[in-house]
1. Obtain the nm distance between the two label points defined at residue 232 and residue 199 by a simple spin-label model: each point lies 7 Å from its Cα along the Cα-to-C-beta direction.
2. For the chain, build the charge dipole from Cβ charges (+1 Lys, Arg; -1 Asp, Glu) around the Cα centre, then report which of 162, 43, 385 sits farthest towards its positive end.
3. In which sequence would 309, 171, 201 go, from the one with the fewest C-beta neighbours within 10 Å to the one with the most?
4. Which of the helices in the chain meet the span-like rule: DSSP H, Cα axial reach of 30 Å or more, Kyte-Doolittle mean at least 0.5?
5. Amide H of residue 458 versus every other amide H placed in the peptide plane: which residues, excluding those fewer than 5 positions away on the same chain, fall under 5 Å?
6. How large are Rg and Dmax for segment 332-374 when only the alpha carbon atoms are used, in Å?
7. When the Cα centres of segment 194-233 and segment 150-176 are compared, how far apart do they sit, in Å?
8. Once the convex hull of the alpha carbons of segment 30-284 is built, what does its volume come to per residue, in cubic angstrom?
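Computed from the coordinates by the stated procedures, all read-outs in this text should not be read as laboratory data. Fair warning: this is a prediction, and the values are worked out from it, not measured in the lab. Every residue, glycine among them, receives a Cβ derived from its backbone with ideal geometry; neighbour counts consider all protein chains shown.
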Amino acid sequence: MTTVRPTDPPEAGTGPEPRVAPEPEYGFPRALFRAVGRIPVPPPADPRTWRSPLRGTWLTSVFGAVLLVGLPIVIVTGLLSYIAYGPQFGQAIPADVGYLHLPYFDWPSNPAWLYRLTQGLHVTLGMVLTPIVLAKLWSVVPKLFVWPPVRSVGHLLERISLLALVGGILFEFVTGLMNAQYDYSFGFSFYLAHYYGAWVFIAGFVSHVVLKVPTMGRALRAGPGGTGAFGRWLNDGVAETEPEPIDETGLAPLAPNRPTLSRRGLLAVVGGGSALVAVLSVGQTWDPLRPLALLSPRGQSYGTGPNDFQVNRTLAGSGIDPSRLGAGWRLTLRGGATEVSLTRDQLLGMALHTATLPIACVEGWSVYRTWTGVRLRDLAALAGVPDPANAFVQSVETTGAYARATLQNNQVLNPDSLLALRVGNPGEETVDLAPDHGFPARVIVPALPGVHNTKWVSSIDFRPRTG
Ligand SMILES: Nc1nc2c(c(=O)[nH]1)N[C@H]1C(S)=C(S)[C@@H](COP(=O)(O)O)O[C@H]1N2
Ligand SMILES: [Mo]
């Protein structure tokens, strides 16, 4: 009694049909592409090199379907972040992208959690999808080495679009993950590279979706081995795991090894990896899991009491001489006929307003606090420009790129937009801002990217509307 293992050549007349790849179809000029095809196959391009019995159109389609839902969310929220930065004021990065952008519009200041949602999704979903992207790439790796490398002009174009797709996604994920870790060792501008890299990736992604969605749909509908039962393979343990049938996609192995993992085992490993990343990262935007936010590069303590929350740039890091923030500090308001200068005590003597608002950083973390301060629109009225076109906020800090910001009209006029003097845990009493959080005064505006909530404010120019 002999057992036929999947790697043994089948005995004539007894075993299953031998697994052979379909003849490639060559396009015009056929002689040229056939000549390329006659070059001896280098080992990685030999389909017999890739032996996992789990690879095949069905498995790739399962990963593809997840990414088809997830990646557009990452793409759109990323592009929205560019618009939230205020490109109409030249303060999005990179400042000038020609026509390569979504239509500009004034970023809403309502609901307050809007940027927290869009940017939290962009970063956290990007992290969570990473294991699935890697699994998808693993499942198609034989195609990277497909032989002959080109067999028609159409095939050449498809391979170029794959270069944009695979190169683009690896580049975007690596630079994004490094940025969220404060790792700038790539030595070029993160924003510039991530922005243009995104468009390369989008071009590859869109053409890939157009080309492959029909195949994916067919494979998922046909189910394992054409059984029509999507989940049937998920019932198979390791012993029952059969290789996927050979088809024109070239994903299933010609010389499959014996399985060491079932399909459901592989999906559990990949899905479990994603779930683990999620658990270790949602804490950066969700207080109950904050101690588990181990993938975030920051420490867990930043100050005392209500001031114990994330600090991106400390007072020491800002290079500000602390004596400039003492009794001699003044807030200057410009825009009207005369400049207005206010001490902190004068600000505290004005009508104070309290609002609970998030700070949401582009790197994905966000935190809610309750803020007390003077409404920006009251300061605009005091300056003599009650309905400004926009407002330019300047920090005592002069060196950093984030020492200034321009706010839109709706961001100045929102009743919750504040020059904050005090901060508290959500819903609790507020105390003076800590030096690291912008004492004597900082901007806090609903739905504004964290970076534009300028700390250690020294002046605000309310620019009148023209015409
Ligand atoms: N003057 C000044 N304000 C600043 C920054 C800065 O570098 N300088 N960093 C910004 C960034 S990137 C963020 S996310 C928030 C962080 O606020 P926090 O440090 O008070 O938590 O402050 C913003 N305000
Ligand atoms: Mo930030």
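1. Distance between the two pseudo-spin positions: 4.8 nm.
2. My answer, from the dipole projection, is 43.
3. Least to most surrounded, the residues fall as 171, 309, 201.
4. Those that pass (Cα extent of 30 Å or more, hydropathy at least 0.5) are 57-84, 114-144, 153-180, 190-222.
5. The answer is 394, 395, 396.
6. 14.9, 41
7. Their Cα centres are 15 Å away from one another.
8. 169 Å³
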